[in-house]
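Inspection log for the structure reproduced underneath, given as structure tokens.
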Amino acid sequence: MLQKVQRESEKRKQTLQTKENQFIAMKNCSLALVTLLFIFQSYRVPAQDSAPFDEESSIQDSVFAIDAVTVHAFHYESRLLETPAAISILAADQLEQNSLQPIDFVLNQVPGVYMQSASLTTNRLTIRGVGSRTPYASNKIRAYYAGIPLTNGVGETTIEDLNQSVLSSFEVIKGPASGFYGAGLGGTLLLDAVHPNQNQFSVDYGFGSYQTHEFNGNLYLTGDNSNNHLAIERLSSDGYRENNETERVNLNYVGQFDIANHQLNLIVNHTDLKAYIPSSVDFESFTNSPELAAANWAAIRGYEDYQKNLLGASVISDWDRNWKSTISFFGQNRASDELRPFNFLTEESHYFGGRFILEKTVLTENGSWKFMLGNESFFERYDWATFENTDDGSAGEILSDNKEKRNYVNGFGQLDYYLANRVRISAGANINKTYYDYTDLLGADGDRSGDHSFKTVISPRLAINYSLTDKNKLYAQVSHGFSPPSLEETLLPEGGRNTDIQPETGWNYELGSRGYLFDELYYDISAFYMSIENLLVARRVDEDAYQGTNAGKTAHPGLEYYLQYTLPGGENYKHQLSANGSFSPFYFVDFVDGENDYSDKELTGTPRYQTNLSYALSIKQRFNLQLNYQQVGKIPLRDDNSIYTDAYGLLNANVQYLKNWGNLNMKALLALNNLTGEHYSSMVLINASSFGGSAPRYYYPGLPRNFAFRLKFSYLF
């Protein structure tokens, strides 16, 4: 007994020492960052005002004007330099330049973001290590398209099936920083819609490796008080792997109407998708025959087939005495069939909700105050059933029949103080109440019906941005976040509910700075430490069953950086170098799963480091070249860190040529990817189990050397 106490005491000492070392390292990084700023500030040349940002311009007009980019993340418009948070922005021209690529290619160029991709329709997005344990989807990260939530009632987000041509920008909020969009531990993606400023019609056609074809048509209509955007997309691909075909159609409409002091915004999206599923493979197959699908999925030609519709409307009103209000309503329905080796799954989900925000600005002699208060209510019904498989691939005898209700209410408030273009202080809080109701309609294996209401979670945030100079800003923030378990994680395999399971919660501490060290060199550096408690673990108990449990704590210390250097150029050409990346030594602080103790092990499913190096060249606003090298560190695949992936590096090239004849414009784009033919895993399945004596299937093979070409014509009228 004494020995056991001594071992536990020694373990606590080691854990405390590890945490102390991490805090010391973070403090040293922060002090070094501040010192570096003041040293460079002593020698820097005053920067010139940058050119305005124009989303229709060529590459050199936007990548060299970062300080002019406007951020909307905290419901006030401010320059990126003045925002007291870790935010990265992907602007319209970056999305256009990389429009031949899946969305993961674009997001993986953001420090701290890692989006794994198994196929065009199976992805896992993580920010600062949060969400890395979700098996087949993106979780614990919220996403909004033009203010309309894309995240369902259990925190799952699907952005990979969006038509990228209808997006004008991405704002990536890293960490639990925005009460206005919930307080998710990982962060929030804000996707803005395209709002045209000129009548235009465009068509483009692209093709690439693996019989990939894509057609896009866009119609932009503008008036004195309105603009409209109608888009259609059709994508088809055979895929690199066996049983990997994909067919997708997107229809989109975005409208904006100004009526006196009011602005009405409308959004309608329709997606129709069918994609076959190759699934993951074991190490031998990954090494010797990565183009093959998993045998059981290939044998039945497993697939997912769904249709979904999204509708949103908002009214933004300016009132007397600097009052402003925003009222939004939204809804989505989705119907899906999925043929799997173990059963046939059918799903239907419907959600609707609304957002209301009230704002008041008070001007003072030296600055301004802004008060904001609002709420978001969300109500979802999710029906799902499983059936036995039949020889012809249709649904057979029913195995389970279930109905879920997933509801939450977010209340949020924020107070901002802006002092003489020098200091911005932002304080706020998010209050969340989440409620699940589950009905087992079949009950053949025991009725598991019941409801589950989590305790009210209050997530405060305090942040400050201080202007060292007009071109150098320092910010710090402390924020709280949470992620509730999915309803399925509250179910027990033997029947009944796990009423003890709790949401993951965590605190984030951050210090950062962005600005110019001199005219040509822009930087954005942040050091952070996030501590997460009640770690949710999805333990696989069957080929199609997971059991959720709270298993411990994780620590997420990290350093993220972005550097962009504009090289000297002539009148007709400009070029730049950029480097960004993250150092992320995330680890389990206290993690006991059953009889296994994984404390102090590296966090599963996330790389320790990521690096992106790129070179961009623009000649006469007609020819653009972009070279990109992405390096990803090895990833632990099991909680005991016994198996890792290999680190890998990808070299990609992107060429764009622009030409115009009066009102007719042409763009030709060519992408050459994985030029060195690197063999790597583009997505992994952590803690993969073995069934029927087969080897665990950890790996989703990445694409070998491949290409894509697109030709776009636009007519202005």
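When you check Y240 against the structure, is it under 25 Å from the mean Cα position of the chain (by Cα), touching a residue at least 24 places away in the same chain (Cβ under 8 Å) and not in a strand (DSSP E or B), yes or no?
On the way: under 25 Å from the mean Cα position of the chain (by Cα): yes; touching a residue at least 24 places away in the same chain (Cβ under 8 Å): yes; not in a strand (DSSP E or B): yes.
Judged against the criteria, Y240 is a match.
Scanning segment 380-401 for residues that are surrounded by 15 or more Cβ atoms within 10 Å (Cβ to Cβ) and free of Cβ contacts under 8 Å to residues at least 40 places away in the same chain, we see that the one that is nearest to V362 (Cα to Cα) is R381. Would you confirm, using the coordinates I've provided, whether T126 is in contact (Cβ under 8 Å) with a residue 40 or more places away in the chain and over 12 Å from the mean Cα position of the chain (by Cα)? So T126 fails the test.
Sort through Q610, Q656 and tell me the only one that's buried (at least 17 other Cβ atoms within 10 Å of the Cβ) and either part of a loop (DSSP other than H, G, I, E, B) or touching a helix residue (DSSP H, G or I) at 6+ places or on another chain (Cβ under 8 Å) (or both). Before you say what the answer is, go through the steps one by one.
Working: Q610 fails: either part of a loop (DSSP other than H, G, I, E, B) or touching a helix residue (DSSP H, G or I) at 6+ places or on another chain (Cβ under 8 Å) (or both).
It is Q656.
Scanning for something assigned to a strand (DSSP E or B) and farther than 30 Å from R128 by Cα, does segment 173-193 turn up at least one residue?
no
Tell me which of these S642 doesn't satisfy, since it passes every other one: (1) within 23 Å of N123 (Cβ to Cβ); (2) assigned to a loop (DSSP other than H, G, I, E, B); (3) at pLDDT 95 or above. Among (1) within 23 Å of N123 (Cβ to Cβ); (2) assigned to a loop (DSSP other than H, G, I, E, B); (3) at pLDDT 95 or above, the lone unmet condition for S642 is (1). Scanning segment 394-443 for residues that are among the aliphatic types (A, V, I, L, M) and either over 26 Å from the mean Cα position of the chain (by Cα) or within 16 Å of R381 (Cβ to Cβ) (or both) yields A395, I398, L399, L415, L419, A420, V423, I425, L441, L442. D544 passes every criterion in (1) acidic (D, E); (2) at pLDDT 90 or above; (3) under 28 Å from the mean Cα position of the chain (by Cα) apart from (2).
Annotation note: of V172, V203, the sole residue that is surrounded by fewer than 19 Cβ atoms within 10 Å (Cβ to Cβ) and modelled with pLDDT of 90 or more is V203. Taking the criterion of being touching a residue at least 40 places away in the same chain (Cβ under 8 Å) and in contact with a strand residue (DSSP E or B) (Cβ under 6 Å, 6 or more places away or on another chain), the residues of segment 307-319 that qualify are N309, L310, L311, G312, A313, S314, V315, I316, S317, D318.
In segment 674-704, what residues are under 25 Å from the mean Cα position of the chain (by Cα) and either at positive phi or part of a strand (DSSP E or B) (or both)? Residues satisfying the conditions are N674, S681, S682, M683, V684, N687, Y699, Y700, P701.
The set of residues from segment 376-391 being in a strand (DSSP E or B), over 30 Å from G179 (Cα atoms) and in contact with a Gly (Cβ under 8 Å, 6 or more places away or on another chain) comprises F387, E388, N389.
Scoring Q332 on the criteria (1) touching a residue at least 40 places away in the same chain (Cβ under 8 Å); (2) in contact with a strand residue (DSSP E or B) (Cβ under 6 Å, 6 or more places away or on another chain) leaves a single failure, condition (1). Of the candidates S117, S132, the single residue that is among the polar types (S, T, N, Q) and within 24 Å of H270 (Cβ to Cβ) is S117.
So, restricting to strands (runs of 3 or more DSSP E) that lie completely within segment 103-162, which ones have at least 3 residues that are closer than 20 Å to A193 by Cα? Spell out how you get there, then give the answer.
Values: elements: 113-117, 123-127, 141-145.
Ranges flagged: 141-145.
The values are calculated or read from the model by the stated rules, or taken from the named source; none is laboratory data. Nothing here was measured: the structure is a model prediction, and the numbers come from that model. Please note: Cβ atoms are built from the backbone with ideal geometry, for glycine as well, and neighbour counts cover all protein chains shown.
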